[in-house]
Amino acid sequence: MHAPDFPVSVPTMIAWAIGLLLFAGLFVAMMVRLLRQGKRWTLLSVFTLILLAGTCIHVIMLARSSHTVTDGNWIQLVLISSLASLEMFIGHTVVFDDIIAAVVFREPLLLLSYITVFILAILFTISLFFLIAPRGFKDAIRLRMQGFMSSRGQRKLHIFLGDTASARILARSIRENAPEDELLFIHFPDPSEKVGGELSIGEVLHAMFSRRTERNLADILGYDHFMFIRGQLPAPSCESTLAEAISMPYLDKLLQRENSCVYILSDNEDHNFRFLQLLVTQSTLKAKVFCYNQDINNYTALYANVHPRIRLLNKQELVFTQVKRQEPDLMPVNVASLVRDAGGNSLGYVSEGFNALIVGFGATGQEALRFIHEFGSFVGPDLTPMQNNYWIADPQIEHLKGEFLSRTPAFRYDANVTWSEQHTGSERFWLDFSMQLPTLNYVVVSVDDGHLNVEIAVRMLQDAARFGKDLSRLKILVKASVEDSQLPGMIQYYNRSFCPEGVSVIHPFGLPSKVWNLDVVTGHGLKAESVRYREVAGRITGVQPESWDARSERIRFQPGVALANQRELHRRQLIDIDACLYSRTLYALAGGRIPAENDPMLPVLAASMQQYWVNALAVQGYILGTETDELNRRLPGMLSYTDLSEEEQAEVRTATRIALTFAAEEMGK
């Protein structure tokens, strides 16, 4: 039989092919999105539309041809057309039948329509194959695609080892603050978690109907442009790289990129430590690693010190880092007894020491004591440090204080601390509280994670209001480390009920939505502020300081013991960061102004600045020594301002003016 001439012109064919290519790309993207979201009814609707379109085209072709099926009735014609349309999904077509071809090749519109539906049917089948393909194959493809896309765009890739609540909150923060970054979740199923086998009916049903974890994650993040793959927990005896241990070889390439960040945030610290061990042994690691560890002991810290790209995250430190950076109203300076002149201007010093109560001395309570000791650094009119008083109440205090004092030995000698075993359920505690109330400035309640803390805080507020306490000079911080939508409203209700207008006494802190924040976890904001602070120092002194990164490299690789170098680097970075954090408190002490060189307020503020540095180093475990000894944490400069030499006092005054200038510029933005 002579084949008819092709009925479509070349320009028309080219235009149709380009349009079909674009439409096919959009169709594949739509299919991937629907598969990821698990919208099974929408998928069924797409399948039905393609099937109907194919059936209609086949009915037209068969009806216009001389095929024998046209001799029957229309029901028979539709059924045969439906079967032919179903065959399109597996790549079979009837257009090569001579009788059918004679019809198709006479009508260009029919031909192009048929090819379009045929290609869509094949793409639909390929998409479904990817859905039911073995997980290992799919995950390998996804990892390669993720690496290719993020490397081409030079976008930062955030890899979460474990799909935990903390990881989800942090991922949402990344989505809000850096929407162009890529997210990759590696989920490690529990042994009890049952999934279908490879290429089985169970796997198909699981893939189509049981993607709840991924869909819930998409709901939390507010979008679904992320990778979600499954891994397996490494065996305890495994000594390979992390990628090999979790059966994802291509992950190695992602860990070798400097713009990758790895987050290990599981509540199971054994798993976190195992991941950390595997990463430390990987010599090609260039990604930044953030590993959560509730109790950072020396053994864990040793692993982190081996590699400069690894940072340990202590939740309590993150909690108070967030308070220091983002909660200026909770700073102790807001309730300090500042001395003012006749015009109401601050003179930079206080009339009496700071008094604080900490209820519950677990990890949060211990970090709270460090925080108050740092930011409660004030001096009197004679430039000597004001003696602060701390009352610590916990039924297990004898056990807890020993561990705390071993890590923070400065509190054995300098701090005026009263250790109490009283419980908030005893009348003795509340009797002592009423006696301390007139001079009490700051309270931290960290007995549990939420409602019990609020109950204790409310009773304290009621007693304070009943005894006529000046509520503008009282702050009660309530640990609320579990998200509860009703808790802020409850606290706001009691503040309105007992406090004067414009005054709030009870404040929640430690909410996961604030703590697991991209800026708080990575410390990028602190580093950026420190860099700007050093730029201000260069302008005021006329001497350009060494850059942050150059100093880090110099100290890290200088001769000596590696651990001592690491501690020296951490201490110097701490001094810069502390100067940024305390600058706002210093600016408040100065009454919002920068005193001149000959202003009598400048030495007063310098004395507070020096005392803050001393206290900040003290809570890190440093004590006064005759010479610098990083290994044993001893420093000779941990002295009050009045005990420094004239030259050292001049340096502190310059540093004070730098801090005030920095605070003025930052607060003026």
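Whether any residue in segment 357-378 is open to solvent by 20 Å² or more (accessible area, probe 1.4 Å) and more than 21 Å from residue 447 (Cα to Cα) is what I want to check. Break it down into steps so the answer makes sense when it comes.
Pass one, segment 357-378, residues open to solvent by 20 Å² or more (accessible area, probe 1.4 Å): 362-363, 366-367, 370, 373.
Applying the additional criterion that residues be more than 21 Å from residue 447 (Cα to Cα) yields none.
No, because not a single residue in segment 357-378 is open to solvent by 20 Å² or more (accessible area, probe 1.4 Å) and more than 21 Å from residue 447 (Cα to Cα).
Looking only at residues in segment 75-96 that are among the polar types (S, T, N, Q) and under 13 Å from residue 117 (Cα atoms), which one is modelled with the highest pLDDT? Applying the filter and picking the extreme gives 85.
Looking only at segment 406-443, count every residue that is outside any helix (DSSP H, G or I) and either free of Cβ contacts under 8 Å to residues at least 40 places away in the same chain or over 23 Å from residue 504 (Cα atoms) (or both) and tell me the total. Show your work before the answer.
Within segment 406-443, the first condition is being outside any helix (DSSP H, G or I), and the residues that meet it are 408, 413-426, 440-443.
Subset that is either free of Cβ contacts under 8 Å to residues at least 40 places away in the same chain or over 23 Å from residue 504 (Cα atoms) (or both): 408, 413-423, 425-426.
Of the residues in segment 406-443, 14 are outside any helix (DSSP H, G or I) and either free of Cβ contacts under 8 Å to residues at least 40 places away in the same chain or over 23 Å from residue 504 (Cα atoms) (or both).
Please note which helices (runs of 4 or more DSSP H) are completely contained in segment 478-552 and include at least 3 residues that are of a type outside the set (A, V, I, L, M). Working first, answer last.
Values: elements: 486-498, 512-515, 518-522, 524-541.
By residue number, 486-498, 512-515, 524-541.
Of all the numbered requirements in (1) modelled with pLDDT of 65 or more; (2) open to solvent by less than 30 Å² (accessible area, probe 1.4 Å), residue 207 misses one, and that requirement is (1).
Here residue 510 fulfils each of the conditions (1) open to solvent by 10 Å² or more (accessible area, probe 1.4 Å); (2) in contact with a helix residue (DSSP H, G or I) (Cβ under 6 Å, 6 or more places away or on another chain); (3) in contact (Cβ under 8 Å) with a residue 40 or more places away in the chain; (4) of a type in the set (Gly, Ala, Ser) apart from (1). Mind listing just one residue for me: the one in segment 640-658 that is without any contact (Cβ under 8 Å) to a residue 40 or more places away in the chain and part of a helix (DSSP H, G or I) and, of those, nearest to the chain's Cα centre (by Cα)? Residue satisfying both the conditions and the ranking: 651. Looking across segment 156-191, the residues that are closer than 23 Å to residue 271 by Cα, part of a helix (DSSP H, G or I) and in contact with an Asp or Glu (Cβ under 9 Å, 6 or more places away or on another chain) come down to 165, 166, 169.
I'd like to know if segment 251-260 contains one or more residues that are within 18 Å of the chain's Cα centre (by Cα) and more than 13 Å from residue 233 (Cβ to Cβ).
The initial filter retains those residues of segment 251-260 that are within 18 Å of the chain's Cα centre (by Cα), namely 259-260.
Next, from what is left, pick out any that are more than 13 Å from residue 233 (Cβ to Cβ): 259-260.
Among the residues of segment 251-260, at least one is within 18 Å of the chain's Cα centre (by Cα) and more than 13 Å from residue 233 (Cβ to Cβ), which makes the answer yes.
Of the residues making up segment 559-590, those that are among the small types (Gly, Ala, Ser), surrounded by 14 or more Cβ atoms within 10 Å (Cβ to Cβ) and in contact with a helix residue (DSSP H, G or I) (Cβ under 9 Å, 6 or more places away or on another chain) are 579, 583, 588, 590.
Taking every residue in segment 519-547 that is under 27 Å from residue 317 (Cα atoms) and pairing it with any residue that is part of a helix (DSSP H, G or I) and of a type in the set (Asp, Glu), at least 6 positions away or on another chain, the pairs with Cβ-Cβ distances below 6 Å are 525/519; 530/576. Per the listing 556, 593, the residue uniquely of a type in the set (Lys, Arg), farther than 28 Å from residue 315 by Cα and exposed (fewer than 14 other Cβ atoms within 10 Å of the Cβ) is 593.
On the stretch given as segment 109-155, residues that are at pLDDT 65 or above, part of a helix (DSSP H, G or I) and within 23 Å of the chain's Cα centre (by Cα) total 1. If you take the residues in segment 210-226 that are touching an Asp or Glu at 6+ places or on another chain (Cβ under 9 Å) and open to solvent by less than 30 Å² (accessible area, probe 1.4 Å), which one is modelled with the highest pLDDT? By that ranking, first place goes to 226. Does any residue of segment 458-478 turn out to be of a type in the set (A, V, I, L, M, F, W, C), under 26 Å from residue 376 (Cα atoms) and open to solvent by 70 Å² or more (accessible area, probe 1.4 Å)? Looking for residues that are of a type in the set (A, V, I, L, M, F, W, C), under 26 Å from residue 376 (Cα atoms) and open to solvent by 70 Å² or more (accessible area, probe 1.4 Å), one finds at least one in segment 458-478, hence yes.
Mind checking whether some residue in segment 479-488 is in contact with a Gly (Cβ under 8 Å, 6 or more places away or on another chain), surrounded by 22 or more Cβ atoms within 10 Å (Cβ to Cβ) and of a type outside the set (Ser, Thr, Tyr)? Don't jump to the end; show me each part of the working.
Our first condition is that a residue be in contact with a Gly (Cβ under 8 Å, 6 or more places away or on another chain); within segment 479-488, this holds for 479-482, 484, 487.
Okay, now just the ones that are also surrounded by 22 or more Cβ atoms within 10 Å (Cβ to Cβ), so 479-480.
So of that shortlist, the ones also of a type outside the set (Ser, Thr, Tyr) come out as 479-480.
Yes: one or more hits.
When residues of segment 376-392 are filtered for being within 32 Å of the chain's Cα centre (by Cα) and farther than 11 Å from residue 611 by Cβ, how many remain? Of the residues in that region, 1 qualify.
The values are calculated or read from the model by the stated rules, or taken from the named source; none is laboratory data. Just so it is clear, the model here is predicted, and its values are computed rather than measured. Neighbour counts are summed over all protein chains in view; Cβ atoms, including those assigned to glycine, are modelled from backbone coordinates with ideal geometry. For the accessible areas, the whole protein counts, side chains as well, though only heavy atoms, and no ligand, DNA or RNA atoms are used. Shrake-Rupley method; radii C 1.70, N 1.55, O 1.52, S 1.80 Å.
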